[in-house]
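Trainee: Could you have a look at this structure, given as structure tokens, before my questions?
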Amino acid sequence: MDKALRTLKAANAVGQNYDGSMPDSYEGVMPRYYIGFGDQSIDFDGDESTTFADEERLAEGHQFVFTIDNTGSAAVSRRLALCPAYFSDTILDQMTDNKGNAIDAIIKEGIVIGKAADNNALTVESENKTIDELLRFVLFNPTRFIGAKLQCNSNNQFGQSLNIRHCSPFRNLQDKTITPDTYKNSSQFDQTRVEIPLDNFQFDDQTLISWNILPQSRVTVTLYGGAILNKAKELNKKASSARANLVRTFGPGYSKR
């Protein structure tokens, strides 16, 4: 595996310009060697030698954890947008899942919907950073998640499917669902936990991910992050590469003017 990966890295590096783009002479040929190595638009948590083959290792220290609590005495089912695509609260009435069900609220830190005084508040609490910060970040920086762990006080919640709707104002795109219950192992000791491997799953401005939260459910979600399409870092990387090329071409005395 390591030798094969080194070979792919070498081919990937040869087939890319310094800025990570494919030269015209390799169009339609070199992309088959692409593994992410040297691609300046992809952020593997700052590790320049990382590829998409390393996402699992990256995810070990790249986690986002939040808890959804709908356990008030007067709680009712609420369908939450965990990732709202390009929608916002001002056009909430236009948001539906892939079965046409209306979205009740977009997830946010603190009280999402309902009132504490009425004992029907659904709340969200994140560890470290807030869910608000995550949603703002992925709006500009599409982020892959390669796995999720769900810990819940109610097995019934695991029967509620996550609906993933790819959004476009021009046409209908492919949708899919993920039902946590299908990932449970009857022989596992802890039946309150489900671990889900995710494939081609990301938070971005074109993906609407929703989940119906049942009353009396309290679920802690751990998302394991992978690669990030980070345009801000790409600009700095390209500037650094350009300066290095200028120094190499014109000599170490080159002045940045």
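Trainee: May I ask which of Lys129/Lys176; Lys149/Lys184; Lys108/Lys129; Lys108/Lys231; Lys129/Lys233; Lys99/Lys149 have a Cα-Cα span longer than 23 Å here?
Mentor: Lys129/Lys176; Lys108/Lys231; Lys99/Lys149
Trainee: Using only the Cα atoms, what convex hull volume per residue in Å³ does segment 87-138 have? If you can, show how the numbers build up before the last one.
Mentor: Details: hull volume 5.6 nm³, N = 52.
Normalising the Cα hull of segment 87-138 by residue number yields 108 Å³.
Trainee: Right, here's the next one. Mind listing which trypsin sites (Lys or Arg not before Pro) in segment 72-162 are in a DSSP loop and have 13 or fewer other Cβ atoms within 10 Å? Working shown, then result.
Mentor: Details: sites: Arg78, Arg79, Lys99, Lys108, Lys115, Lys129, Arg136, Arg144, Lys149; in loops: Lys99, Lys108, Lys115, Lys129.
Those satisfying the criteria are Lys99, Lys115, Lys129.
Trainee: For segment 66-81 and segment 208-234, compute the distance between their C-alpha centroids and round to whole Å.
Mentor: 16 Å
Trainee: Same structure, new question: Taking 0.36 nm per residue of separation and subtracting the Cα-Cα distance, what length does fully extending Val76 through Asn128 add?
Mentor: That works out to 15.9 nm of additional length.
Trainee: Starting from the Cα-Cα distance between Gln151 and Leu198, subtract it from 0.36 nm times their residue separation and give me the gain in nm to one decimal. Working shown, then result.
Mentor: Details: separation 47, 0.36 × 47 = 16.92 nm, distance 1.65 nm.
Residue separation times 0.36 nm, minus the Cα-Cα distance, leaves 15.3 nm.
Trainee: What's the extension gain from Asp175 to Asp45 if we count 0.36 nm per residue and subtract their Cα-Cα distance?
Mentor: Between Asp175 and Asp45, full extension yields an extra 43.9 nm.
Trainee: What do you get for chymotrypsin sites (Phe, Trp or Tyr not before Pro) in segment 164-256 restricted to DSSP loop and a cutoff of at most 13 other Cβ within 10 Å of the site's Cβ?
Mentor: Numbers: sites: Phe170, Tyr183, Phe189, Phe201, Phe203, Trp211, Tyr224, Phe250, Tyr254; in loops: Phe170, Phe189, Phe201, Tyr254.
Hits after loop and neighbour filter: Phe170, Phe189, Tyr254.
Trainee: Take the alpha carbon gyration tensor of segment 59-229, find the square roots of its eigenvalues, order them as a ≥ b ≥ c, and report rounded if a/c is under 1.5; if not, report prolate when a/b exceeds b/c, else oblate.
Mentor: Rounded is the answer for segment 59-229, as its axis ratio a/c remains below 1.5.
None of the figures in this text is laboratory data; all of them are computed from the coordinates on show. The structure presented is a predicted model; accordingly, all values stated were derived computationally and were not measured. Virtual Cβ from ideal backbone geometry, glycine too; neighbours counted across all protein chains shown.
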